Amino acid sequence: MDEVGRYVADAVLGIDTLWGGDVMCASGTGRFIADSWFADEPLPASYTKPSAARVRETGGVGGKTIDRTAIETYLREVNLPATISGVRGEAEKIGGLRAKYLIGLADSLHVMWDLAMEILGKGPAVPYARCVEASTGKAPEPSDPTEKRERVARLLGKAGYKTSTPDELLDAVDAWRKLRVTPMASVKPLGAAVIALFDQLTQKNVVPYLPKELHSVPRANNIFLPIKDAWFSGSMNYVGRARNADGSPQYEATYEINASLQISYPEFEQLVSHEVVPGHVTTFAYLQNLYVRGKVGFEATVLTMNTRCATLSEGIANNGILMANGVTEIEQLDDEDSQIGVSLALLQDDAKNQSSYLTWGEGRKREDVAKVLRREFLVSDERADKLSGAWGQHPLLGRMYLPAYRAGTIKVAELRRKYKPEVVLPAIYGCFGIVDIVTVDDVLKEHGAATVA
């Protein structure tokens, strides 16, 4: 690990610990900011200090009851502002694409630090715009569900549902979902079957455009696990620490899905393409392989939420079903049920951004936000409740992560329309160097001479 890698390790796992996360936990119920640790490097002091364990145990600044004594002890032993500054300082020495990525990472970590200080009463309120710009590279803006909602209404009307009024459309969506509900009791074998389907599609429509070294990388070594009473709908947990006899990675992951989640089968297909292949699991596996081969730096092994890299990752994932099918537009999918399912799934991610914008940008009450998400974005009652509550009102996720889905989706869709797949796919998966939602433009300017006509 080089010097900047040591700073990255301490900074990311330190901020993760401060917010109550544990990257070594196999379950999403214990993970938080740090999404992965698949290097064979020793864990840094910011994770191994005895005081760190106490902070993780009590939930850090995000816990229901903040153990201020534990946090103060930890912060005396681990100088997080200095480690974050160290990431930036070392990046400036390096220069180039890697430096830009690392500076963006440091900026996001700095905002997460300031948000923690706000909660502890040790710093001013962090402006909402600063939070969104740190994670997405763009200023906050509301979602516009009109186009996707009209597509859903048109397709449901074609299928015989009444959709002429907002109430009729909402009833039609609920009825459509009910007829196609995914049985959570059978989610493990069902998940395996859908993963196999999308792995085959990815083999056909994505893999040929990537370097040959990635063709044999296991991109979907994932199993679905139902979990009861989770505050989230699902959690992709990339582990990546299992090794074959020759020392090569097995690229393993799990996806924990809320056992009470109500989701139609077409939406479940979009979920699999998002979370597994060619989405998150594939993205992480490719980066792990690139790291093992020395093509990307240590920062690729500690992928981090609430960052511009995470926004790109969500963009890849939300475009995954189109990538797997070799198309750029929802209307190009052969099956109209799939078009409805993808539209509803993307409306849900538009709803995440809208929850953030209304809650933190406009100061709207939770009850009002839930009604907007349900009526205008066609989400289920369960989703409206979670997105306006546990997610939307969270002081970190509500301000930094919820806007990432929509921002990433729009950007990756635009890039896929502009550039040929042999250019854009290697770029977004990190084959020219790990990138984020902003620095990917630099890579494409260099490698993207061949644009789509």
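The values are calculated or read from the model by the stated rules, or taken from the named source; none is laboratory data. Please read these numbers as outputs of a predicted model, since none were measured by experiment. Here the Cβ positions follow ideal geometry from the backbone for every residue, glycine too, while neighbour counts run over all protein chains shown. In case anyone asks, the SASA skips ligands and DNA or RNA and just uses the protein heavy atoms, side chains included. Shrake-Rupley method; radii C 1.70, N 1.55, O 1.52, S 1.80 Å.
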The number of residues in segment 94-122 that are outside any helix (DSSP H, G or I) and either touching a His at 6+ places or on another chain (Cβ under 7 Å) or over 15 Å from L80 (Cα atoms) (or both) is 2
Identify, by number, the condition in (1) over 23 Å from the mean Cα position of the chain (by Cα); (2) within 29 Å of L358 (Cα to Cα); (3) surrounded by fewer than 21 Cβ atoms within 10 Å (Cβ to Cβ) that E92 doesn't meet. (2)
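This table checks each residue for (1) farther than 30 Å from G62 by Cα; (2) touching a Ser or Thr at 6+ places or on another chain (Cβ under 9 Å).
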site	(1), (2)
L105	no, yes
V111	no, yes
D114	no, no
T146	yes, no
W176	yes, yes
L201	yes, yes
Which of (1) within 19 Å of N318 (Cβ to Cβ); (2) in a helix (DSSP H, G or I) is the odd one out, the single condition D144 does not satisfy? (2)
Within segment 236-265, take every residue that is of a type in the set (S, T, Y) and open to solvent by 20 Å² or more (accessible area, probe 1.4 Å) and give me the one that is farthest from R177 (Cα to Cα). S248
Could you check how many residues of segment 354-382 are within 18 Å of S143 (Cα to Cα), assigned to a helix (DSSP H, G or I) and open to solvent by 10 Å² or more (accessible area, probe 1.4 Å)? 13
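Can you confirm whether segment 243-250 contains a residue that is in a loop (DSSP other than H, G, I, E, B), in contact (Cβ under 8 Å) with a residue 24 or more places away in the chain and not hydroxyl-bearing (S, T, Y)? Don't jump to the end; show me each part of the working.
Here is the first cut: in segment 243-250, the residues in a loop (DSSP other than H, G, I, E, B) are 244-248, 250.
Within this subset, residues satisfying the condition of being in contact (Cβ under 8 Å) with a residue 24 or more places away in the chain are 248, 250.
Narrowing the set further to residues that are not hydroxyl-bearing (S, T, Y) leaves 250.
Scanning segment 243-250, I find at least one residue that is in a loop (DSSP other than H, G, I, E, B), in contact (Cβ under 8 Å) with a residue 24 or more places away in the chain and not hydroxyl-bearing (S, T, Y), so the answer is yes.
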Looking at P183, P166, which is the one that is within 24 Å of K371 (Cα to Cα) and either of a type outside the set (D, E) or open to solvent by less than 50 Å² (accessible area, probe 1.4 Å) (or both)? P166
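In the set T182, T202, T146, which member is within 25 Å of the chain's Cα centre (by Cα) and closer than 30 Å to R399 by Cβ? Walk me through how you get there before you give the answer.
Values: T182 fails: closer than 30 Å to R399 by Cβ; T202 fails: closer than 30 Å to R399 by Cβ.
Result: T146 is the single residue among T182, T202, T146 that is within 25 Å of the chain's Cα centre (by Cα) and closer than 30 Å to R399 by Cβ.
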Sort through A134, A139, A159 and tell me the only one that's open to solvent by 40 Å² or more (accessible area, probe 1.4 Å), in contact (Cβ under 8 Å) with a residue 60 or more places away in the chain, of a type in the set (A, V, I, L, M, F, W, C) and over 27 Å from V277 (Cα atoms). A159
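In segment 245-263, what residues are small (G, A, S), under 24 Å from G30 (Cα atoms) and either modelled with pLDDT of 85 or more or touching a helix residue (DSSP H, G or I) at 6+ places or on another chain (Cβ under 6 Å) (or both)?
The initial filter retains those residues of segment 245-263 that are small (G, A, S), namely 245, 247-248, 253, 259-260.
Checking which are under 24 Å from G30 (Cα atoms) leaves us with 253, 259-260.
Across segment 245-263, the qualifying residues are A253, A259.
Being on the phi > 0 side of the Ramachandran plot and either in contact with a Pro (Cβ under 6 Å, 6 or more places away or on another chain) or not in a helix (DSSP H, G or I) (or both) is true for just one of G326, G341. Which residue is that? Walk me through it before giving the result.
Working: G341 fails: on the phi > 0 side of the Ramachandran plot.
Of G326, G341, the one residue that is on the phi > 0 side of the Ramachandran plot and either in contact with a Pro (Cβ under 6 Å, 6 or more places away or on another chain) or not in a helix (DSSP H, G or I) (or both) is G326.
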Being touching a strand residue (DSSP E or B) at 6+ places or on another chain (Cβ under 9 Å), over 18 Å from E275 (Cα atoms) and part of a helix (DSSP H, G or I) is the filter here; which residues of segment 169-203 pass it? W176, R177, K178, L179, A185
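Conditions tested, residue by residue: (1) in a loop (DSSP other than H, G, I, E, B); (2) farther than 16 Å from I103 by Cα; (3) in contact with a helix residue (DSSP H, G or I) (Cβ under 6 Å, 6 or more places away or on another chain); (4) among the aromatic types (F, W, Y).
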| site | (1), (2), (3), (4) |
| --- | --- |
| T283 | no, yes, yes, no |
| L290 | no, yes, no, no |
| G294 | yes, yes, no, no |
| A300 | no, no, yes, no |
| C309 | no, no, no, no |
| I321 | no, yes, yes, no |
| E331 | no, yes, no, no |
